[in-house]
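Written out below as structure tokens is the structure these notes cover.
The values are calculated or read from the model by the stated rules, or taken from the named source; none is laboratory data. Everything quoted here is computed from the prediction, not taken from an experiment. All Cβ positions, even for glycine, are placed from backbone atoms using ideal geometry, and neighbour counts span all protein chains on display. With ligands, DNA and RNA removed, areas are computed over all heavy atoms of the protein, side chains included. Shrake-Rupley method; radii C 1.70, N 1.55, O 1.52, S 1.80 Å.
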Amino acid sequence: SQLSQALNGLSDRAKEAKEFLVQLRNMVQQIQENSVEFEACLVAQCDALIDALNRRKAQLLSRVNKEHEHKLKVVRDQISHCTVKLRQTTGLMEYCLEVIKENDPSGFLQISDALIRRVHLTEEQWGKGTLTPRMTTDFDLNLDNAPLLQSIHQLDFVQMKVSSPVPAPPILQLEECCTHNNSATLSWKQPPLSTVQVEGYILELDDGNGGQFREVYVGKETMCTVDGLHFNSTYSARVKAFNKSGVSPYSKTLVLQTSEDTQSEEQTLPFPVPLERSQLRRMSPFSSTLNLQPSFSGRSYFELRSSAHQLSLHSSLQSLNSAVAWFSFDPSSAHADIIFSNDNLTVTCNSYDDRVVLGKTGFSKGLHYWELSIDRYDNHPDPAFGVARIDVLKDAMLGKDDKAWAMYVDNNRSWFMHNNSHTNRTEGGITKGATVGVLLDLTRRTLTFSINEDQQGPVAFENLEGLFFPAVSLNRNVQVRAGSG
């Protein structure tokens with residue numbers, strides 16, 4: 001009986017051992033599958049880093065090429081200038097030598113004083129700095145790759161499971177949260193007695209109509225301003241913290257009301273909510289750029305009062321309600337060569353090359369019209385007017401890349417351009433005092449242009465969708481002033 005009982009116990013252990021062996025064999029298979037998957041993920045991450053490095057290399061090489069072309073242009077211009085002056089000097093010297101050979105004293109005296117003055121003047125023109133190179137042969141560019149190399153050497157795996165607790169819910173600081181026009185500033189902090197390490201925060205807003213919350217900021221800062229909300233709307237905001245262990249519960253929900261009036265005292269209007277990733281700005285003293293997640297639908301503060309049929313330029317303008325949005329040009333996003341004046345309503349450029357400047361207002365819904373006055377127009381340049389994404393190229397004519405839709409125009413004719421494709425040449429140009437109108441109809445997703453209130457060409461672009469900023473490209477021969485829209 002004792003042996004039988006002992007055998008029963010041993011039999012149970014043997015059965016458990018067989019089941020355990022099956023479990024271990026399954027683990028072998030699972031480890032192999034997980035290893036393949038993990039290796040593929042690792043290779044993809046490293047390939048993404050390599051692709052990013054290659055893209056950056058191409059950008060840096062482009063800068064070197066631009067510096068190369070600039071140096072060559074300066075030196076060649078100096079060669080040309082010096083050659084002309086040397087030719088003039090040599091010619092004067094040869095003429096003077098012939099005059100010195102003159103046998104008639106009276107004939108010599110008649111021209112000698114003028115020649116002496118001319119020789120002295122020519123010598124003075126070869127003054128200090130004329131025979132000094134205007135450009136060095138060295139490239140004043142030094143690639144600082146030490147931080148990146150250090151980061152590469154520190155590239156390692158992070159343990160996915162840690163024992164530290166998740167953070168406590170953040171506290172929204174009501175005294176620092178506010179709205180202005182259609183932007184909202186939010187500030188938060190960790191509870192005073194919390195000692196848990198926080199790696200970052202996730203700020204969420206709803207759609208202004210009581211809909212779902214969406215992430216609008218993920219990062220380490222504890223204050224940010226969200227631009228691009230809709231006027232006369234009520235938004236709910238909440239924030240949570242996270243670290244390696246997980247995500248905290250949400251803070252209490254804060255309700256914010258945006259302004260009812262679309263015209264501010266500063267005559268500036270922030271951006272309506274975009275349909276793609278755009279930018280989020282942080283309050284001072286923070287200066288870096290953050291990102292908005294894909295945004296949410298909402299009311300447009302411009303509405304059409306018309307039937308559904310296609311409208312002409314003038315009838316579309318007559319369909320607007322009385323709301324007026326003021327905007328100025330944006331120095332923070334413009335090319336460094338752009339010159340601002342008149343409270344940022346007037347722009348020109350200090351370069352002969354085309355440079356791009358954007359307006360401070362972005363549009364994603366509704367019908368919008370604005371005018372630009374040509375205050376100066378010299379030597380028949382071809383400025384461009386239209387709309388663009390926030391990340392459009394700033395050092396080329398508007399429309400050279402796929403992030404701008406524009407009409408460029410000289411004193412005789414105009415063309416539409418997007419992604420460096422030119423279409424619809426139309427007779428009729430601009431002069432000093434002309435007015436260029438831009439009609440962005442995001443209800444019908446079209447863009448139309450006018451010159452001096454007459455529509456210029458057909459509908460320029462269709463199927464537009466997303467966030468668009470008023471945009472202009474110009475050089476030093478043009479000065480443009482933004483009017484009301």
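Things worth noting here:
- The set of residues in region 95-130 that are loosely packed, with under 10 Cβ neighbours inside 10 Å and not in a helix (DSSP H, G or I) comprises K101, N103, D104, G127, K128, G129.
- Residue-level analysis places L447 outside the set of residues that are crowded, with 17+ Cβ neighbours inside 10 Å, assigned by the TED database to the domain that holds L474, of a type outside the set (D, E, K, R) and modelled with pLDDT under 95.
- Qualifying positions in region 209-222 - open to solvent by less than 40 Å² (accessible area, probe 1.4 Å) and at pLDDT 85 or above: V216, Y217, G219
- Some residue of region 411-423 being open to solvent by 20 Å² or more (accessible area, probe 1.4 Å), touching a helix residue (DSSP H, G or I) at 6+ places or on another chain (Cβ under 9 Å) and among the charged types (D, E, K, R): no
- In region 39-86, of all residues being basic (K, R) and open to solvent by 60 Å² or more (accessible area, probe 1.4 Å), the one that is farthest from the chain's Cα centre (by Cα) corresponds to R76.
- Against the test of being more than 30 Å from S245 (Cβ to Cβ), open to solvent by 20 Å² or more (accessible area, probe 1.4 Å) and among the acidic types (D, E), the options D140, D156 yield a single qualifying residue, D140.
- Flag if G429 is of a type outside the set (K, R), surrounded by fewer than 19 Cβ atoms within 10 Å (Cβ to Cβ) and out of contact with any Ser or Thr (no Cβ under 7 Å at 6 or more places or on another chain): no
- Residue in region 361-383 that is modelled with pLDDT under 95, open to solvent by less than 40 Å² (accessible area, probe 1.4 Å), under 13 Å from the mean Cα position of the chain (by Cα) and assigned by the TED database to the domain that holds N419 present: yes
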